[in-house]
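Data block below; observations after.
The values are calculated or read from the model by the stated rules, or taken from the named source; none is laboratory data. This structure is a prediction, so every number in the text was calculated from the model and none was measured. When we count neighbours, we look across all protein chains shown, and the Cβ atoms used for this are built from the backbone with ideal geometry, even at glycine.
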Amino acid sequence: MTENSAQHKLTDYLLAALLPLLAVLYPIVFTYANNVSILTMASLWRILGIFAAISLLVYLIWVLVLKKKPFSAALAALCFVLLFLTYGSIYQLLIKIDLLPVYHFSLLPAAVILGGYLGWLVSKIPAEAGKKVWLILTSMAAILLVLNFVKIVPAELQKKSQAANGSTASAAASAKPAAGAQVYPDIYWLIFDEFSGFDVASDYFNYPEIDQFSEHLQQMGFQVVEGSHSSSYLTLHQIATRLNYEQLPADLDELAYYQKISDNKVMHLLKSKGYTTVVMDEARSASFAFQAKTAIQADILLEDTLVSGQAAPEMVFNPFSLLVAERTMLLPFTQNYDIENVDLEKHRDTVYFVADELGKLDLPQPKFVYSHLLLPHMPFMFAENGSYLQPSAYHDWNYYFGQYQFTLKIIDRTVQTIMEAADPDNPPIIILQSDHGARNLGDNGNGERSLINYPDIYRTSILYAVYAPACPNMPLTDGIDPVNTFPLVFNCLFDSNIPLQ
Amino acid sequence: MWFKKNKVHVIVWLSLGLLVIVSPLVYRMHIQRNSPLPQFEGALPQVTTDAKMYVDALREVDETEHLYRLEGWGFLTEPVNLAPDDYERSVLLVSDQHVFALPASSVPRADVAAVFKDLGLNLKNAGYSVSFNIEALPQARYSIALLFTLPDGTQARLDSKFVLDRTANTAVISLGED
């Protein structure tokens, strides 16, 4: 009987812990469900673990304080957990109201005291009533979690199925030898995400030196297209459109674009012509991009092999964790994330890999190399001269143009590396493009600062320059739609007769 | 009797008030007393018409240290033989109660030199930048001006159209009302 009673008690203690645990997990699962098409499950575990540990610790403290009252302890812990989860939002609200100076050194202890006080008040509820309240709240939390899983599970299954299809096709593609088409030149398609057209650099950022850069490209043999605009400022939409030379709707789900990009017309045609396909897709590999993106079906995926040269120890927060943590009492500890962050190191190394190594890859020719760098895309971590900026600059659009100027240097270095390693008798085709222009996505409540008086039309103004000695008569007219990027090349190299749009 | 009964509540709410309201104000007063920004003493010098200036941005450069940087460009157009490095420039922040003079350092600005090349001046370093602890700046609306101090000690100032609004938690620049 005594043993039964002890077992019963233990079950009560374990059961009661469910309430603070479910409450603390809910915002993570909710945020993940809302971003399920761009995140992977791997980004969840660390922050789930931290939050679960915090809630259980708080519960244990209340169990010790309120001996023999597990359900009251759970309710008391819930009070603290709710304050823990909302602290960051309360801090931001007080900053917005702006009546008094607000500092973490005073607000955080106040929140802890308030959490303890509310827990103490709640513990006064009679045990039986407390158990009923616990039951209602736990059921509610469980239902809310299940509702989010309903959204997560189908999306995860679809991601898994697309990834499986991709790897099968990729293996089949790499099994084919790239022979018999040596006459074709290598093709480099280099995307610099968020890189504004030269008109924006000159007219909005008052940077007359951009004309010198344009002339420099022309002296190297590039045709520079002026006034080209993307049909949207959505990266996935733009890449899917160009890789399939087809104007796709701009309102498809991310998963649909993943499929169109992964299994695309351009690489199918190039494979049939004997090309080795190589992809360096930072839009997939960077932690601040589309982590859930399906890998492109190519012979070589460089983004999976590139490891940071100075791998820093794993940090607690990845971008998803940061998004969640910034709303909680962990906010003060998230504010000093700098270049030591392993994700930013990887981004930096990818940038320099493209600039200095991509053109030197010794692979079966002809090869098609698609590189998508998230540069000058956020985070704005590079100054004009390549030095690293403080974390406060990462989302401040006033630093966009410094990173843009740095990108000009990276573009130049990348092109030089390719040219130096190229066969002079069969020079490559190099396409420099951006997916869209600077979108100036500031003032959205996340502390981002935006550019003043920035016209909307600049958001779609893109970089578009082509080096194609093999195609001297390519009809590259100013203002041409980038959906024609590959039809122009294929019509010249393979007489494909793809109609231009 | 009432206090004895409600002792815990009173202590908790008093502590919360102290932490949330009193301690931030005391902290800020402490900084403004112990690390004040340099004040401009005396009457403001005459406004000159022989100068040009602009304020580009106010940026937070170090969140932990509360360090902000004000950037722009400004130079004298007379005498023509002087380049910006030949005289001192300070940013004046002028409110109803305070006038702060923050010594500026030179910044190369090839774009400014290109735009004003017809003036025949050496404007290689026409840019300026000042960094300061934002906590040391009392809450107020400040007009932003540039103070020029020539080698012979004469001073002149040029008012910009920009104002800096320092509130309890923010500092932003904007075009002031005419």
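Quick check on region A:243-257. Is at least one of its residues crowded, with 23+ Cβ neighbours inside 10 Å, modelled with pLDDT under 95 and part of a helix (DSSP H, G or I)? Yes, some residue in region A:243-257 is crowded, with 23+ Cβ neighbours inside 10 Å, modelled with pLDDT under 95 and part of a helix (DSSP H, G or I).
When region B:1-13 is filtered for residues that are out of contact with any helix residue (DSSP H, G or I) (no Cβ under 8 Å at 6 or more places or on another chain) and surrounded by fewer than 11 Cβ atoms within 10 Å (Cβ to Cβ), the ones remaining, listed by number, are B:M1, B:W2, B:K4, B:K5, B:K7. Looking only at residues in region A:382-397 that are within 19 Å of B:P108 (Cα to Cα) and part of a loop (DSSP other than H, G, I, E, B), the one that is nearest to the other protein chains (Cβ to nearest Cβ) is A:L389.
Just one of the numbered conditions (1) touching an Asp or Glu at 6+ places or on another chain (Cβ under 7 Å); (2) within 14 Å of chain B (Cβ to nearest Cβ); (3) surrounded by 22 or more Cβ atoms within 10 Å (Cβ to Cβ) is not true of A:Y400: (1).
Tell me, yes or no, whether region B:49-61 has at least one residue that is among the hydroxyl-bearing types (S, T, Y) and surrounded by fewer than 21 Cβ atoms within 10 Å (Cβ to Cβ). Yes, region B:49-61 contains at least one residue that is among the hydroxyl-bearing types (S, T, Y) and surrounded by fewer than 21 Cβ atoms within 10 Å (Cβ to Cβ).
Residue pairs whose Cβ atoms lie under 6 Å apart, sitting 6 or more positions apart in sequence or on different chains, and linking a residue in region A:101-122 that is among the aromatic types (F, W, Y) to a partner that is in a helix (DSSP H, G or I), are A:Y103/B:P24; A:Y117/B:V12.
On the given criteria, is B:L93 touching a residue at least 12 places away in the same chain (Cβ under 8 Å), buried (at least 21 other Cβ atoms within 10 Å of the Cβ) and more than 20 Å from B:K52 (Cβ to Cβ)?
Taking the combined requirement at face value, the residue does not satisfy it.
For region A:224-239, does any single residue satisfy the condition of being under 18 Å from A:T414 (Cβ atoms), more than 14 Å from every other protein chain (Cβ to nearest Cβ) and either out of contact with any strand residue (DSSP E or B) (no Cβ under 8 Å at 6 or more places or on another chain) or free of Cβ contacts under 8 Å to residues at least 60 places away in the same chain (or both)? Quick ask: steps written out before the conclusion?
Just the residues of region A:224-239 that are under 18 Å from A:T414 (Cβ atoms), to begin with: A:224.
Cutting the leftovers down to more than 14 Å from every other protein chain (Cβ to nearest Cβ) gives us A:224.
The next check asks that each one be either out of contact with any strand residue (DSSP E or B) (no Cβ under 8 Å at 6 or more places or on another chain) or free of Cβ contacts under 8 Å to residues at least 60 places away in the same chain (or both); those that pass are none.
No, because not a single residue in region A:224-239 is under 18 Å from A:T414 (Cβ atoms), more than 14 Å from every other protein chain (Cβ to nearest Cβ) and either out of contact with any strand residue (DSSP E or B) (no Cβ under 8 Å at 6 or more places or on another chain) or free of Cβ contacts under 8 Å to residues at least 60 places away in the same chain (or both).
Here region B:28-59 is the region considered, the condition is being farther than 21 Å from B:L150 by Cβ and free of Cβ contacts under 8 Å to residues at least 40 places away in the same chain, and the residue that is nearest to the other protein chains (Cβ to nearest Cβ) is B:R59. Filtered by the rule that a residue be over 26 Å from A:Y204 (Cβ atoms), acidic (D, E) and in contact (Cβ under 8 Å) with a residue 60 or more places away in the chain, region A:369-428 gives a lone residue, A:E420.
In region B:123-175, of all residues being under 15 Å from the mean Cα position of the chain (by Cα) and acidic (D, E), the one that is surrounded by the most Cβ atoms within 10 Å (Cβ to Cβ) corresponds to B:E135.
Do any helices (runs of 4 or more DSSP H) lying entirely in region A:291-356 carry at least 3 residues that are at pLDDT 85 or above, and which ones are they? Per the criteria, A:342-356.
Here B:L18 passes the criteria (1) facing chain A (nearest Cβ under 10 Å); (2) of a type outside the set (G, A, S); (3) touching a residue at least 24 places away in the same chain (Cβ under 8 Å) except the one numbered (3).
Residues of region A:58-82 that are in a helix (DSSP H, G or I), surrounded by fewer than 20 Cβ atoms within 10 Å (Cβ to Cβ) and either in contact (Cβ under 8 Å) with a residue 60 or more places away in the chain or not β-branched (V, I, T) (or both): A:L60, A:L64, A:L82. Checked against the criterion of being outside any helix (DSSP H, G or I) and either buried (at least 20 other Cβ atoms within 10 Å of the Cβ) or of a type in the set (D, E, K, R) (or both), region A:405-418 has no qualifying residue.
As an exercise: evaluate A:M41 against (1) away from chain B (no Cβ under 14 Å); (2) out of contact with any Phe, Trp or Tyr (no Cβ under 7 Å at 6 or more places or on another chain); (3) within 30 Å of A:A286 (Cα to Cα); (4) surrounded by 22 or more Cβ atoms within 10 Å (Cβ to Cβ) and give the number of the one condition it does not meet. Of the numbered conditions (1) away from chain B (no Cβ under 14 Å); (2) out of contact with any Phe, Trp or Tyr (no Cβ under 7 Å at 6 or more places or on another chain); (3) within 30 Å of A:A286 (Cα to Cα); (4) surrounded by 22 or more Cβ atoms within 10 Å (Cβ to Cβ), the odd one out for A:M41 is (4). Tallying residues that are over 15 Å from B:L164 (Cα atoms) and either part of a strand (DSSP E or B) or more than 20 Å from the chain's Cα centre (by Cα) (or both) within region B:97-106 yields 3.
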